[in-house]
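Heads up, the thing below is written out as structure tokens.
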Amino acid sequence: EEMMRFRLCIIVILVLNHFVLCLDSDDLTTCTLSSSEDGECLNPSQSSVAVLKQESLTISDITETFMEWKNSQKSNTPRILKETSLAFITPWNPIGNEYALELGKQGKLDVVSPVMYELQPSGDIYGGELYSDEQFKRWKEAGLHVMPRLLVAAGSFWDSIALNKLFLDEIEVWVKPIASELQKRNADGVVLEIITAYSYAEEQLKSLKDPTAGARIDTRYLFKFCMKFADSLRDSYGLKSALVMTPIVDERTAVSLSEVGKHFDFLILMAYEAARQKPLSPFLWLHSLMNAWRKGTRMSQILLGVGFYGREFDGSKLIRAVTANDILEAIESESDKTNLVVVWDNTQKSHRIEWKNSQRQIYFSTPASFAQQIALVEKFGFAGISIWELGQGFPALFDQL
């Protein structure tokens with residue numbers, strides 16, 4: 001799935017060319033804006049956050065301490081992150097659910113987004129069986145706001161004709177069954193992911209020999225649908241909404257999309273994978289992305305999306321996305337540990353494991369790189385962070401929250 005997400009993000013940027021408004025203080029942690037809203041272009045080195053000095057790592061540090069979460073049994077430890085925190089959890093990495101519950105009880109996670117619902121062109125909603133009513137109750141008891149992800153999946157079902165029907169139908173036809181399901185579960189709202197489906201359908205149209213064989217999709221219809229979707233959920237059902245946005249380093253496009261964002265409580269900016277570089281979120285690219293999005297957009301609407309997983313390369317070839325367990329298994333499978341070295345890229349603020357006898361490399365999230373991202377969130381005045389996803393990363397990352 002991660003490989004598919006990577007490919008789709010690339011498609012999104014090619015096609016378009018081109019969370020978050022913090023809820024009221026009685027709903028979620030109140031976000032404080034920094035002075036970065038004055039319009040100045042910020043320098044990556046500027047930060048009022050003390051970044052942990054954990055750049056120098058060894059293989060033993062990873063194998064012996066990264067699976068430890070120092071504050072896992074300490075409910076009274078102070079929260080570090082001042083801004084809002086949202087995290088996705090998935091059925092295929094169930095440990096993430098347990099992490100979410102513990103973080104919620106500690107007051108260090110505000111919103112949990114279980115990856116479960118998928119909207120079909122028929123109007124049916126699949127995935128309700130992935131998490132039980134009892135699980136929703138557990139999240140609430142842990143002090144978490146619950147906003148499940150609703151996916152309009154890229155693929156053959158959502159072709160250009162089906163998407164046009166979705167965009168042009170009366171919005172209530174689609175929103176009513178979604179709202180009914182959310183209210184039945186006592187959820188607070190929903191996270192909508194639809195941009196990749198639109199981009200995939202557009203790319204499919206371009207590949208047709210006869211371009212008139214498929215119905216064209218007007219970007220305006222997509223954005224109007226998103227705005228009506230959010231308005232209907234809020235005005236008719238009292239539900240909150242978030243929209244997953246792709247990483248576009250283009251100020252004009254970011255400004256135009258910011259109008260869409262005004263209708264949502266959250267904008268989740270996927271700030272990973274689309275940089276066409278080896279680090280998951282190269283620091284200089286990330287800084288450029290955030291600078292682009294701050295033009296004409298209320299920073300207090302945007303959650304910076306960060307990835308808790310890693311990527312393995314053989315030379316320049318991407319092999320696979322990797323979880324914390326995959327990384328530990330890769331280290332364990334190396335009989336000669338002296339063949340491994342951990343390198344910190346001070347320019348891109350990223351760690352990688354290198355094999356001295358080959359071109360194999362693994363880039364992955366560490367407390368030091370995560371702390372750098374949090375520093376940028378505070379400096380730019382973003383609303384907070386969105387984590388994809390809790391079950392994939394090292395527990396040591398949680399100590400930064």
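The values are calculated or read from the model by the stated rules, or taken from the named source; none is laboratory data. Predicted model, so just to flag it, every value in this text is computed and none were measured. Here the Cβ positions follow ideal geometry from the backbone for every residue, glycine too, while neighbour counts run over all protein chains shown. The protein model used for the area step is the full one, side chains on, heavy atoms only, and it has no ligands, DNA or RNA in it. Shrake-Rupley method; radii C 1.70, N 1.55, O 1.52, S 1.80 Å.
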Report task. Specify which of the listed residues (I331, I353, I302) is open to solvent by less than 10 Å² (accessible area, probe 1.4 Å) and farther than 18 Å from Q392 by Cα. Result -> I302
Report task. Could you tell me which residue of the stretch 334-350 is nearest to T90 (Cα to Cα), considering only residues that are open to solvent by 40 Å² or more (accessible area, probe 1.4 Å) and part of a helix (DSSP H, G or I)? Result -> K337
Query raised in the report: Among the residues of the stretch 138-160, how many are modelled with pLDDT of 95 or more and open to solvent by 70 Å² or more (accessible area, probe 1.4 Å)?
Result: 2
Report summary line: Of E129, E118, E141, the only residue that is among the charged types (D, E, K, R), more than 21 Å from the chain's Cα centre (by Cα) and more than 12 Å from N186 (Cβ to Cβ) is E129
Report task. Scan the stretch 356-366 for residues that are crowded, with 21+ Cβ neighbours inside 10 Å and out of contact with any Ser or Thr (no Cβ under 7 Å at 6 or more places or on another chain) and jot them down. Result -> I362, F364, S365, T366
Query raised in the report: What tally of residues in the stretch 358-376 results from selecting those that are over 18 Å from the mean Cα position of the chain (by Cα) and assigned to a helix (DSSP H, G or I)?
Result: 1
Report task. Tell me which residues, restricted to the stretch 164-186, are among the aliphatic types (A, V, I, L, M), under 21 Å from L144 (Cα atoms) and open to solvent by 30 Å² or more (accessible area, probe 1.4 Å). Result -> none
Query raised in the report: Which of the following residues is open to solvent by less than 50 Å² (accessible area, probe 1.4 Å) and closer than 29 Å to G155 by Cα: Q106, Q120, Q135?
Result: Q120
Query raised in the report: How many of the residues making up the stretch 377-397 are surrounded by fewer than 24 Cβ atoms within 10 Å (Cβ to Cβ) and part of a helix (DSSP H, G or I)?
Result: 7
